[in-house]
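Please read through the structure below; I'll follow up with questions.
The numbers here are math on the coordinates, done by the rules we state, and not lab data. From a predicted model like this one, the values you see are computed outputs, not experimental measurements. Heads up, the Cβs are rebuilt from the backbone with ideal geometry, glycines too, and the neighbour counts pull from every protein chain shown.
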Amino acid sequence: MSENVTSSIPLVRRTLTGEAREAALARAKSLVQIEVGDDLAYDVSNITHGVFSPLRGFMTARDCSSVVQHMRLANDTAWTIPIILDVSESLARSLASGRTAVLVHQGKFVALLEIADVYPFDRQEIAAHVYGTLDTAHPGVARAMKMAPYLVGGDLMLLNEPEDPYQDYRLTPIETSLLFKEKGWRTVVGFQTRNIPHLGHEYLQKTALSFVDGIFINPLLGEKKVGDFKDEVVLRSYKTLIEHYYLRDRIVLSIFRTRMRYAGPREAVFHAIVRRNFGCTHFVVGRDHAGVGGYYAPYAAQEIFQHFPDLGIVPLFFSAFFHCRKCGGVVNEKTCPHDASMRVEFSGTRLRKALTEADGQADQLIRPEVATVVREWANPLIEIEEIDMEGAR
Ligand SMILES: [Zn+2]
């Protein structure tokens, strides 16, 4: 794989410095305020630093509708997930297109919003198209149904970085692109994860890495569902894996600060677009990428890419992988001829069993150093719903 795919989409940068920032902060004091929670505040940071390029702000009615129905912005650029700002009816009444509002997070001005439009929307339409179901047992649908009734579209300008306990682990697309260049990498594969790394992940990563110059491990930290691993556990376990099992000059680790949508195929494309913006040329798409429960067909997240030849990043598709006792290692459906009785699957249930029980076959699933880190937590999993919907209500 020697092709050097470079994106034709310019990186968005909507930040201010020096006097321009001081003037904007002074102006913000007299503007209508929109309170945002952590999740929206991180979206603001992602938009203004170009993680969500070509978006310059929250979606207008035209873009939102086009994304929901056609998986493209109104100008036909590929984009599969609505990036939207919801507000209450009373707040919507105080906002008008052509005016500027200020977004406030934890008492601090984070960004100016040049209001393009304020519009009502259909929660069910979004759920049906984006998640492919109206079942509120789906965490993405449940969240969509709780949104406030109006959306505000318009360009953003960052004033202050939102408070984030993981700020030190975030790199902007400008920083990652520069880092890849400094390392002399012409090809970089991006790896999305919301989990602790088991041997199957490592096998995937290293198989992909063997064809390119470097790997960008980019764990998603943010709101997730009950039963997923806590952010801190994911980050610490990756740092440990990298320390013991990776060549330093072949890997970059930084986090992607956003929430999981569990939108399966659509989210896989969204995840690929984001990694293109970070400067990756390739992106790993595994089985049931960004899926939840049984809502999506196992390889739907790979098949969807045939509709997007214009992403500017090459998806690398992998089959399901597992440990085979006969083969004596990690294999997949394409490489192992043995029957199911020889297999140890990398399921969440199996992994939890391996970590909590003495003879849980942990050595077949996870590196001992990583297991040691995870076992430091009495419960490494998210136990209560952490949906953070205060803010724009
Ligand atoms: Zn086998």
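Looking only at the stretch 155-209, count every residue that is of a type in the set (V, I, T) and part of a helix (DSSP H, G or I) and tell me the total. So that I can check it myself, show each step before the final result.
First pass over the stretch 155-209, keeping only residues of a type in the set (V, I, T): 172, 174, 176, 187-189, 193, 196, 207.
Filter once more, so that each one left must be part of a helix (DSSP H, G or I): 174, 176, 207.
Matching residues across the stretch 155-209 total 3.
From the list V226, V234, which one is within 16 Å of the chain's Cα centre (by Cα), more than 19 Å from V274 (Cα to Cα) and not in a strand (DSSP E or B)? Show your work before the answer.
On the way: V226 fails: within 16 Å of the chain's Cα centre (by Cα).
None of the other options fit; the residue is V234.
Please go through the stretch 326-361 and pick out each residue that is part of a loop (DSSP other than H, G, I, E, B), within 11 Å of the ligand (Cβ to nearest atom) and out of contact with any helix residue (DSSP H, G or I) (no Cβ under 7 Å at 6 or more places or on another chain).
So the first thing to find is which residues in the stretch 326-361 are part of a loop (DSSP other than H, G, I, E, B), and the list is 326-328, 333-339, 346-347, 357-361.
Narrowing the set further to residues that are within 11 Å of the ligand (Cβ to nearest atom) leaves 326-328, 333, 335-339.
Hits for the stretch 326-361 are C327, G328, E333, T335, C336, P337, H338, D339.
Please verify whether F283 is in contact (Cβ under 8 Å) with a residue 24 or more places away in the chain, within 16 Å of the ligand (Cβ to nearest atom) and surrounded by 15 or more Cβ atoms within 10 Å (Cβ to Cβ), treating the condition exactly as stated. Give the steps one after another, and end with the answer.
Numbers: in contact (Cβ under 8 Å) with a residue 24 or more places away in the chain: yes; within 16 Å of the ligand (Cβ to nearest atom): no; surrounded by 15 or more Cβ atoms within 10 Å (Cβ to Cβ): yes.
Criteria not met by F283.
Related question: Got a number for residues in the stretch 307-325 being away from the ligand (no atom under 11 Å from the Cβ) and in a loop (DSSP other than H, G, I, E, B)? Quick ask: steps written out before the conclusion?
Looking only at the stretch 307-325, we keep the residues that are away from the ligand (no atom under 11 Å from the Cβ), and these are 307-321.
Subset that is in a loop (DSSP other than H, G, I, E, B): 308-313, 318-320.
Residues flagged as away from the ligand (no atom under 11 Å from the Cβ) and in a loop (DSSP other than H, G, I, E, B) within the stretch 307-325 amount to 9.
Give me a count of the residues in the stretch 243-289 that are over 26 Å from P10 (Cα atoms), touching a helix residue (DSSP H, G or I) at 6+ places or on another chain (Cβ under 8 Å) and aromatic (F, W, Y).
Counting residues in the stretch 243-289 that are over 26 Å from P10 (Cα atoms), touching a helix residue (DSSP H, G or I) at 6+ places or on another chain (Cβ under 8 Å) and aromatic (F, W, Y) gives 2.
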